[in-house]
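Every number in this text was worked out from the coordinates using simple rules, so none of it is lab data. Quick caveat, the model's predicted, so the values are computed rather than measured. Virtual Cβ from ideal backbone geometry, glycine too; neighbours counted across all protein chains shown.
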Amino acid sequence: MTGDERQQRQLELGIDTTGRGGVALRLRFEQMQSSVELRLTSLAADMADVCTRQHAMERGLKNEVREPLQ
């Protein structure tokens, strides 16, 4: 193998290694993104539940104020 061939092979190996590293980083990023999306969905559901409960509680309090206590 000549010097030029050796350099070309090293360059090809470097590109291949870089490509694999990029794929690994992309996979990790997608996993993290998926995890964040799941957490945000969960938080949104929790917030909706809290808002619903608060609204129901406020309606209950308004009804108590309107109706005289006996």
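A few points about this structure:
- For the chain, size of Cβ-based charge dipole, Lys and Arg +1, Asp and Glu -1, in debye: 120 debye
- Dipole of the chain computed with +1 at Lys/Arg Cβ and -1 at Asp/Glu Cβ about the Cα centre; of Ala44, Leu61, Gln7, farthest Cα towards the positive end is Leu61.
- Mean residue ellipticity, 222 nm, helices only, the chain: the sum of -39500 (n - 2.57) across DSSP H runs of n ≥ 4, divided by residue count and rounded to 500, is -34500 deg cm²/dmol.
- Whole-Hz couplings from phi, Karplus 6.51/-1.76/1.60, listed for the range 9-21; x for Gly and Pro: 4, 4, 4, 4, 5, x, 5, 4, 5, 4, x, 5, x
- Whole-percent pair-distance distribution, where bins are 10 Å wide, for the alpha carbons of the chain: 16, 17, 14, 14, 12, 9, 8, 5, 4, 2, 0
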